[in-house]
1. Can you report the number of residues in the range 1-19 which are under 15 Å from residue 85 (Cα atoms) and either modelled with pLDDT under 95 or not hydrophobic (A, V, I, L, M, F, W, C) (or both)?
2. Got at least one residue in the range 93-115 being among the aromatic types (Phe, Trp, Tyr), touching a helix residue (DSSP H, G or I) at 6+ places or on another chain (Cβ under 7 Å) and within 13 Å of ligand 1 (Cβ to nearest atom)?
3. Residues of the range 68-83 being without any contact (Cβ under 8 Å) to a residue 12 or more places away in the chain and away from ligand 1 (no atom under 13 Å from the Cβ), which ones?
4. Residues of the range 31-44 being in a loop (DSSP other than H, G, I, E, B) and either open to solvent by 50 Å² or more (accessible area, probe 1.4 Å) or among the charged types (D, E, K, R) (or both), which ones?
5. Does the range 86-117 hold any residues that are surrounded by 15 or more Cβ atoms within 10 Å (Cβ to Cβ) and without any contact (Cβ under 8 Å) to a residue 12 or more places away in the chain, and which are they?
6. Return the total of residues in the range 65-107 being more than 14 Å from ligand 2 (Cβ to nearest atom) and aliphatic (A, V, I, L, M).
7. So, residue 24, is that one surrounded by 11 or more Cβ atoms within 10 Å (Cβ to Cβ), more than 10 Å from ligand 2 (Cβ to nearest atom), in a loop (DSSP other than H, G, I, E, B) and not charged (D, E, K, R) or not?
Amino acid sequence: MTGNSKKIRFFRKHIPAFECLVGCHDCCGPVTTSPEEMARLPVKSIAEHDAALAELNCPYLGKNGCEVYAERPLICRLFGTTPMLACPQGRRPEVMTDSDLEQQIELYMMSTRQVLV
Ligand code: SF4
Ligand code: SF4
């Protein structure tokens with residue numbers, strides 16, 4: 001397992017989970033992620049990517065929500081768990097993401113080439 005895989009696993013484990021509003025996907029849109037996380041997502045065609053981007057959407061947002069929930073990028077997991085990325089529906093975990101962890105995740109994102117999902 002690479003250093004980045006270990007970091008991703010660690011971050012995923014420590015970002016707190018919470019219940020979203022049923023059927024809500026207001027925070028989904030064009031997001032970026034590291035190549036390592038991108039490689040875990042099923043390949044979409046250029047046309048699918050273009051169609052999603054034209055609507056300022058994410059290509060993995062299906063009619064029943066996120067199609068890659070178990071492998072969704074770190075930014076999607078972090079959303080709603082920090083004051084900077086507050087959920088517009090007012091949902092949040094009981095305990096927000098630890099600020100040191102948030103900083104570590106930001107550093108990880110800044111140190112990897114981010115690609116459009
Ligand atoms: S975090 Fe908030 S805005 Fe995003 S899907 Fe969940 S309830 Fe909706
Ligand atoms: S990967 Fe899933 S959670 Fe993240 S923006 Fe796309 S549809 Fe939404």
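1. Within the range 1-19, residues that are under 15 Å from residue 85 (Cα atoms) and either modelled with pLDDT under 95 or not hydrophobic (A, V, I, L, M, F, W, C) (or both) number 1.
2. No; the residues of the range 93-115 include none that is among the aromatic types (Phe, Trp, Tyr), touching a helix residue (DSSP H, G or I) at 6+ places or on another chain (Cβ under 7 Å) and within 13 Å of ligand 1 (Cβ to nearest atom).
3. Of the range 68-83, the ones without any contact (Cβ under 8 Å) to a residue 12 or more places away in the chain are 69-70.
70, the sole residue that qualifies.
4. To start, the set of residues in the range 31-44 that are in a loop (DSSP other than H, G, I, E, B) comprises 31, 34, 39-44.
Of everything in the range 31-44, those that are in a loop (DSSP other than H, G, I, E, B) and either open to solvent by 50 Å² or more (accessible area, probe 1.4 Å) or among the charged types (D, E, K, R) (or both) turn out to be 39, 40, 42, 43, 44.
5. 86
6. Total meeting the criteria: 7.
7. For residue 24, the condition - surrounded by 11 or more Cβ atoms within 10 Å (Cβ to Cβ), more than 10 Å from ligand 2 (Cβ to nearest atom), in a loop (DSSP other than H, G, I, E, B) and not charged (D, E, K, R) - is met.
The values are calculated or read from the model by the stated rules, or taken from the named source; none is laboratory data. All values derive from a computational prediction rather than experimental measurement. In this analysis, Cβ positions are derived from the backbone assuming ideal geometry, glycine residues included, and neighbour counts consider all displayed protein chains. Keep in mind that these areas ignore ligands, DNA and RNA; they rest on the heavy atoms of the full protein, side chains included. Shrake-Rupley method; radii C 1.70, N 1.55, O 1.52, S 1.80 Å.
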